[in-house]
Amino acid sequence: MSKRGRFSVLLPAAWPKRVRSAVIHTMSLAAAALTATRGWAASHVSSRVQLRAANERLEQELALVNEELRLKDARMQRVPGHERPHYAPVERLAILQLRALRGWSVGQAAERFQLSPVTVSSWMRRLNEQGPDALVQSAVPLNKYPDYVAHLVQQLKVLCPSFGYGRIANFLGRAGLRLGTSTVQRMTRCAVAPEPAPEPGRTMRSNRMTKVVARYPHHVWHCDLTTVPTSMGIWTSTGPFSLPLRWPFCWWLVVLADQFSARIMGLAIFRTQPTTDQVRAIVARAVEDTGVVPKYLISDKGDQFRERTFRPWCRRIGMRHRFGALGQFGSIPFIERLIRTIKWECTRRILFPFSASAARRELGLFMAWYNRVRPHERLRGATPEEIHEGADPRSAARAPSPPSVVRLALRVRYLEGRKHLPIVKLERVA
């Protein structure tokens, strides 16, 4: 305490040089504290506390997205106006539509999209220009069959932006409209790289590079563990440079899948790293639900699978436990690719819940959508359930008639309102 009765803080020598590092550490610690607090609130008995935590989480997410856009806009503003890339004619119409919906003035719209007010006014005056050189253009008129099909493909790409060309072709093929991947790519006319196609002959059922090849459903199962962050990540600037691998910072996820059909047999979450007994219970529950014991169970060399009681338990129920071969196609990479799909198409597309019941519900919905609705490139557009049941809907698909005889409409609905779980269907409208 100083002579005047005030508290004084002893600062290290040359402290201004450490201010920027201190800011980063403070932000990182604040994120960790918020994650822990929200985890406590999500499991609170009061629904009011849970709702308050959810609202604050959404408000923070919106603020972070706005800050991200502000930084990107600031970067674009430093580029001279005549050197900035031009908006495409279709994008200009979309900007004018957004301006009408938001009620922006010419100046506000120009400020939002890094334009001059004169440019926006020029777009408004030339809205009704015709021809291929029009300044503002809409979609191609749907007056012939290829344009109509292209419109369906482009609409599906807008509604489901994460879909690659192969995925779009598989979804439409299941609905009866057969299109090639290159045709879909040409129709979308966007600069998005297609998903890499599998090498010819490299399917799980015909590949001979692995020591254990699945020849029928429930022949070979795979099991692995991973972590799913409850926020955008689990990195922090303070030692040991990551947050604890446990709830509320992340969930531990156990994935069990069938190699032949790519069907997810079980998903389970835990607050801490699961034990051998917990993993064994998941496998036993899947065996009980299906009524079938797989011949092989393949895993990595994690602690849960190297425990001395795990392999004897597998033998007692009639199953052989094998460790996956590193670097061989169809072994460990199969389950790792599935885990990447779960993260990319589910857990990273939503604010993954802190509540265990809500997290299980989201994973259950994804598991149902993945097994029953999502077509697979490796399965030639079929779903895991169809391969499991021995059916192939694409074999009965027929090419649509010309538009003078039949017209098709694209119907996209979402499982339980989840935008990342689309269900695509083609219907005849005329």
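The set of residues in segment 269-283 being assigned to a loop (DSSP other than H, G, I, E, B) and closer than 14 Å to CYS223 by Cα consists of PRO274, THR275.
For segment 364-409, the set of residues classified as small (Gly, Ala, Ser) and modelled with pLDDT under 90 consists of GLY381, ALA382, GLY390, ALA391, SER395, ALA396, ALA397, ALA399, SER401, SER404, ALA409, listed by residue number. Taking residues in segment 290-306 that are buried (at least 16 other Cβ atoms within 10 Å of the Cβ), and partners anywhere that are among the aromatic types (Phe, Trp, Tyr), the pairs with Cβ atoms closer than 6 Å and at least 6 places apart or on different chains are PRO294/TRP221; LEU297/TRP221; SER299/PHE305. On the stretch given as segment 351-395, residues that are of a type in the set (Ser, Thr, Tyr), in a helix (DSSP H, G or I) and either within 30 Å of ALA54 (Cβ to Cβ) or in contact with a helix residue (DSSP H, G or I) (Cβ under 8 Å, 6 or more places away or on another chain) (or both) total 2.
Filtered by the rule that a residue be of a type outside the set (Val, Ile, Thr), assigned to a loop (DSSP other than H, G, I, E, B) and modelled with pLDDT of 80 or more, segment 205-232 gives ALA214, ARG215, TYR216, PRO217, HIS218, HIS219, SER231. Being within 19 Å of ARG126 (Cβ to Cβ) and small (Gly, Ala, Ser) is the filter here; which residues of segment 83-104 pass it? Hits for segment 83-104 are ALA88, ALA94, ALA100.
Suppose we keep only residues that are among the aliphatic types (A, V, I, L, M) and in contact with a Leu (Cβ under 6 Å, 6 or more places away or on another chain) within segment 233-254. Which one would you say is modelled with the lowest pLDDT?
Here is the first cut: in segment 233-254, the residues among the aliphatic types (A, V, I, L, M) are 234, 243, 245, 253-254.
Among the residues that remain, those that are also in contact with a Leu (Cβ under 6 Å, 6 or more places away or on another chain) are: 234, 254.
Numbers: ILE234: 82, VAL254: 95.
Among those residues, the one meeting the criterion is ILE234.
With respect to the conditions (1) out of contact with any Pro (no Cβ under 8 Å at 6 or more places or on another chain); (2) touching a residue at least 12 places away in the same chain (Cβ under 8 Å), GLY39 falls short on a single one, namely (1).
Filtering THR347, THR341 for residues that are β-branched (Val, Ile, Thr) and either surrounded by fewer than 18 Cβ atoms within 10 Å (Cβ to Cβ) or touching an Asp or Glu at 6+ places or on another chain (Cβ under 6 Å) (or both) leaves a single hit, THR341.
Among the residues of segment 81-123 satisfying the criterion of being among the small types (Gly, Ala, Ser) and in contact (Cβ under 8 Å) with a residue 24 or more places away in the chain, which is surrounded by the fewest Cβ atoms within 10 Å (Cβ to Cβ)? This residue is GLY81. Selection of segment 312-338 for residues being modelled with pLDDT of 90 or more, assigned to a loop (DSSP other than H, G, I, E, B) and surrounded by 16 or more Cβ atoms within 10 Å (Cβ to Cβ) yields only MET319. Being modelled with pLDDT of 75 or more, assigned to a helix (DSSP H, G or I), under 24 Å from the mean Cα position of the chain (by Cα) and among the basic types (Lys, Arg), is that true of even one residue in segment 179-201? So far as segment 179-201 goes, no, none of its residues is modelled with pLDDT of 75 or more, assigned to a helix (DSSP H, G or I), under 24 Å from the mean Cα position of the chain (by Cα) and among the basic types (Lys, Arg).
Determine whether LEU152 is at pLDDT below 75 and crowded, with 18+ Cβ neighbours inside 10 Å.
Working: at pLDDT below 75: no; crowded, with 18+ Cβ neighbours inside 10 Å: yes.
No; evaluated as a whole, the condition is false for this residue.
Going through ASP277, ASP258 one at a time, which residue ends up being surrounded by 16 or more Cβ atoms within 10 Å (Cβ to Cβ) and acidic (Asp, Glu)?
Values: ASP277 fails: surrounded by 16 or more Cβ atoms within 10 Å (Cβ to Cβ).
Only one candidate passes the filter, namely ASP258.
The values are calculated or read from the model by the stated rules, or taken from the named source; none is laboratory data. Predicted model only: the values in this text are computed from it and were never measured. Positions of Cβ are backbone-derived with ideal geometry, glycine not excepted, and every protein chain shown enters the neighbour counts.
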